[in-house]
1. So which residues in segment B:344-363 are at the interface with another protein chain (Cβ under 7 Å from one of its Cβ atoms) and within 11 Å of B:Leu396 (Cα to Cα), if there are any at all?
2. Is segment A:39-52 home to any residue that is at the interface with another protein chain (Cβ under 7 Å from one of its Cβ atoms) and assigned to a loop (DSSP other than H, G, I, E, B)?
3. Name the residue, out of B:Ala82, B:Ala92, that is modelled with pLDDT of 85 or more and open to solvent by less than 10 Å² (accessible area, probe 1.4 Å).
4. Can you find a residue in segment B:245-263 that is at pLDDT 90 or above, more than 20 Å from B:Gly132 (Cα to Cα) and of a type in the set (Lys, Arg)?
5. Out of segment A:49-74, which residues are at pLDDT 80 or above and of a type in the set (D, E, K, R)?
6. Just one of (1) under 17 Å from the mean Cα position of the chain (by Cα); (2) within 13 Å of chain B (Cβ to nearest Cβ); (3) open to solvent by 40 Å² or more (accessible area, probe 1.4 Å) trips up A:Arg97, so point out which.
7. Mind checking whether some residue in segment B:55-75 is open to solvent by less than 10 Å² (accessible area, probe 1.4 Å), of a type in the set (Gly, Ala, Ser) and in contact with a Cys (Cβ under 9 Å, 6 or more places away or on another chain)?
8. Within segment B:61-82, is even one residue closer than 26 Å to B:Leu227 by Cβ and in contact with a helix residue (DSSP H, G or I) (Cβ under 7 Å, 6 or more places away or on another chain)?
Amino acid sequence: MSAGGRSRGFLLIAGAVVASLVLVGAYLAAGGSSYEPEKVQDPCKPRPWSNPQGLSEIANQFTVSALDGAACQLGVSREALARALATPEARERFKERYGITDAKLAKAVRAGLVRAVDDAEEAGALSPILAVPLREAVQRVPLEQAIEFINDAESFLGNVNSFLGPAQSLLEEFLP
Amino acid sequence: MLADSSIVVLALPDIYRELNTSVSGVTWVLVSFNLVMALAAVPAALIARRVGPGRAAAVGLAIFAGAGLACGLADSLSTLIAARCVQAIGGAAAVTAALELLPATVGSEQRATTVWAAAGATGAALGPALGGILTELVSWQSIFLLQVPVALAAAVPILSVAKHEAATGIVSTELRRTGRPHLWANLALAMVSAAIAAALFLLVLLLIEGWRLSPIEAALVVSAMPLAAVIGGKLADFVPDARARAAAGAILVSGGLAGLAFLPKATIVLTLPPQILVGLGLALVLSALTETALSGRAPQAIHGGWTISARHAGVVIGLLALTPIFTAEIDQQRHDAINAGTAVILDSPINPLLKLDLAERVSERLEEERGKVPTIGPAFEPLPDDPGERSEVQQLQSELQDQLDRGATHAFSTSFILAALLGLIALFPIALSKEVEL
């Protein structure tokens, strides 16, 4: 083979190497290997409340805390439980998939509500005077009602405030 | 016919849906054809030597056309796969016999080798775009039905040769045999073909199933490859060293595949530079290796049969090795996407009632479109009336879609990296193949 032919061959290989390295390098530099799917957090780890303002924000965090508590008790992710509680059909699929009975689910959902009350109290969103009876109450509600409290936490907390609010004022007046 | 293994690629998503099969199942529409091609190419070449290339090519084209008709009329996956197997037998006979017939048309054996090798590279590059346009404008069946008149038209000029062979009983009597099959060139051809098949198949799936492009849009996108292959073919004319061309081609194919593995965003424009590298590379490497495998060897049909066999075996290996990997990745990605989507919604500041409802609707939509990344817009409809809440929901929707698109792109990364490695491993047999200047 002629020297010219050989050098053209060498140039072609060198060009191919450079073009490939430039492309891969540019893509990596632009974040081509950085994709990580959103991580699902451990529901058993505490999730601090971020200073909620107003009933709507309190209800939002109350729901998340309740889901965390219930999911932790069941050993599933908060995300899987949230999807399960959205509709009765989704709940049935969830129970079948994870082999969970109604009684176990009810126990977990109530535990979740207790954790939400605890978290709300700790964050200063719920006074201890309201938290004590509320904690007792949520441990006795039927499953359907408990799920309703999680799904529509805003109405639940609004009602609590309407019913127990006057009692709280009364207690605060008489307690030292 | 040399485009046939790639022409079906863009029709696979439609076949997959219409024949109600799985991704692994539909892969067999490609695998069956290539497997039978790989097995039948050398025996077909031997038969062509015995009965005459004219007759072998004419019969091969007739079988190819008949089986193409059966493919176009198939109403089940099993019928389609069976017809594809028959089609491959006809294809193997016609393609190997063509190599014996070409010297008379183009002037010399050497020129025939170059034309035949270039046809293989062009066919592989052009196939997907052609298949995509036909699938979108007509139907997936039209890809096969169109092959019928094309194959019959190709048979017409060969008929006179076949008649002459039948009348005179004269067939190619040259029995000289020079050398055994070129092991290293054929091995490299198999590896590079595996990488290229994976590039085409995976890219098409990414565009259609991952990024929701229509077949014609995907066809336009993957046209970058044949266009680059044309330039690669011209580039090859300036470099006489076949081994250098093969090595450069394998490096470019691997570089392009690695680029596809590390796409920074789910954007069509970013697929173009890697496609250009793959297109340039495949034109250089396929023709160089085919020429090397045929150079100084006789009979050409049989050694051509070995190259066809190696290329199609490579395609089969590539598809069978990579399909389970990316289908598992797609499943994992879907699972991650459902959880990621729910997590994003749960952590958003929107109303709890709305967020739980949304979480359920989004995950339902993701479940519905199994193996495909859906547009999640419908899951967010109707949008809330409150302007503040509406804008929060819209932001959430775009955040989620971005997550899903990036996840879908990422699902293909491992397979693209493995395909790139196959291309790089091909450098070893290329280095061991002897230097050939044509």
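1. Hits for segment B:344-363 are B:Val344, B:Leu346, B:Pro349.
2. Taking every residue of segment A:39-52 in turn, at least one turns out to be at the interface with another protein chain (Cβ under 7 Å from one of its Cβ atoms) and assigned to a loop (DSSP other than H, G, I, E, B).
3. Just one listed residue meets the conditions, B:Ala92.
4. Within segment B:245-263, one or more residues are at pLDDT 90 or above, more than 20 Å from B:Gly132 (Cα to Cα) and of a type in the set (Lys, Arg).
5. A:Asp68
6. (1)
7. Within segment B:55-75, one or more residues are open to solvent by less than 10 Å² (accessible area, probe 1.4 Å), of a type in the set (Gly, Ala, Ser) and in contact with a Cys (Cβ under 9 Å, 6 or more places away or on another chain).
8. Within segment B:61-82 (the criterion being closer than 26 Å to B:Leu227 by Cβ and in contact with a helix residue (DSSP H, G or I) (Cβ under 7 Å, 6 or more places away or on another chain)), the answer is no, since none of the residues qualifies.
The values are calculated or read from the model by the stated rules, or taken from the named source; none is laboratory data. A quick note: this is a predicted structure, and the numbers were derived from the prediction, not measured. As a convention, Cβ positions derive from the backbone with ideal geometry for all residues, glycine included, and neighbour counts pool all protein chains shown. Accessible surface is based on the protein model in full, side chains and every heavy atom, while ligands, DNA and RNA are left aside. Shrake-Rupley method; radii C 1.70, N 1.55, O 1.52, S 1.80 Å.
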